[in-house]
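Everything below concerns the one structure shown next.
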Amino acid sequence: ACGGRDSHDKVSPPPVQETGVVSVGVITGFGSVYVNGVRYDTSSASVLMDDQAAAESALKVGQYVELKGHSHGADHYADVIRYHNVIEGPIASINVGASSFVAMGQTGFVTSGTSMGDDITPSSIEGLALDDVVEVSGVVTTQGDIEATRVDIKPDSGPFDVTGYVSKLVADAKLFNVNALVVDYSGANMDDFTTGQPSEGDLVLVKGFTFDPYGTFIATRVELRSDDWLKADAGDELEVEGVITDFVDLGTVKTFKVAGRAVTTTPTTLYEHGTVANLANDVLVEVEGTADAAGVLVALKVRFKEVSTIRILAQIETLSTTDGSMNL
């Protein structure tokens, strides 16, 4: 008699492990949905737009979203996609030369990578006008400026809203600032505050319909927000795009935040389009890695986002000798 396994026996391959995934970044395409260049199957996904259930068709290229899902090998699946704008309100001023505008006291910058709504013509800062009510999605820098990833013109007249950090709080007068916007919350519903009152540095969503004669925004609702609404569990794949804040150089290890999420590098972290020496506050990056037990993103790779360049070949029509500007 012979021992061993029959030559016709088959060994089943090991099951593909399921891994949790959290991705924060810009929608770059559809056919399901692409976030940070990765395709996620959305056949079983729930979509939240401004905290309200919505159809997948409401999502648009350029929107900055949070996605939680899972992967089986190379296949990725979205469970929840959450979008919330940074600003919705009227434009108070436009600086075409700086490619910027101010709405709701916040300064937004339009770049070559900004997706503009179909009704914005031309598809640039020049397609915007004073008093246009705009919805802006984007990345907020440490100075409070917004690098817009998408801008749409809204047909409605409210409610308006802004998301940002409380500063210059005057509790007795029920006033605080979100960058240059002064907010009167004396008559507002206060949501999720343990004391019923905001504190300096709180991340808040402010909603309302009107401004007083001095430009103060009259809030009807103020909600305490969380930087990490979709938390990553230990071992989850985690990918986050945004600007670096709270950068600390600890020698061979660097710690910082991206989109409010804690990140740590290691001596084996890989870098694309730059080196570890390029890490600093307000640098735009995409970080890939895994979450540790505390939910910190341990970076396997840091990709520095390249700035798009434009080359124009044309005849100069006028040239200013005072400021060096030219018309082509």
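The values are calculated or read from the model by the stated rules, or taken from the named source; none is laboratory data. No experiment lies behind these values; they were computed from the predicted model shown. FYI the Cβ positions are ideal-geometry reconstructions off the backbone, even for glycines, and counts take in every protein chain you see. The area values use the complete protein model at the heavy-atom level, side chains included, leaving out ligands, DNA and RNA. Shrake-Rupley method; radii C 1.70, N 1.55, O 1.52, S 1.80 Å.
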Checking Val139 against (1) assigned to a loop (DSSP other than H, G, I, E, B); (2) in contact with a Phe, Trp or Tyr (Cβ under 9 Å, 6 or more places away or on another chain); (3) within 29 Å of Val298 (Cα to Cα), which test does it fail? (1)
Note: among Glu200, Glu237, just one is open to solvent by 50 Å² or more (accessible area, probe 1.4 Å) and touching a Gly at 6+ places or on another chain (Cβ under 9 Å), namely Glu237
So, in the stretch 117-132, of the ones that are in a loop (DSSP other than H, G, I, E, B) and open to solvent by 100 Å² or more (accessible area, probe 1.4 Å), which residue ends up nearest to Ser93 (Cα to Cα)? Leu130
So, in the stretch 142-173, exactly how many residues are closer than 23 Å to Met190 by Cβ and polar (S, T, N, Q)? 2
Per the list (1) touching a residue at least 60 places away in the same chain (Cβ under 8 Å); (2) open to solvent by less than 50 Å² (accessible area, probe 1.4 Å), residue check on Lys68 breaks on (2)
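Conditions tested, residue by residue: (1) free of Cβ contacts under 8 Å to residues at least 40 places away in the same chain; (2) out of contact with any Gly (no Cβ under 9 Å at 6 or more places or on another chain).
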| site | (1), (2) |
| --- | --- |
| Thr111 | no, yes |
| Ser123 | yes, no |
| Ala129 | yes, yes |
| Ile153 | yes, no |
| Lys168 | yes, yes |
| Val182 | no, no |
Among (1) touching a Gly at 6+ places or on another chain (Cβ under 6 Å); (2) touching a residue at least 40 places away in the same chain (Cβ under 8 Å); (3) not aromatic (Phe, Trp, Tyr), where does Met190 come up short? (2)
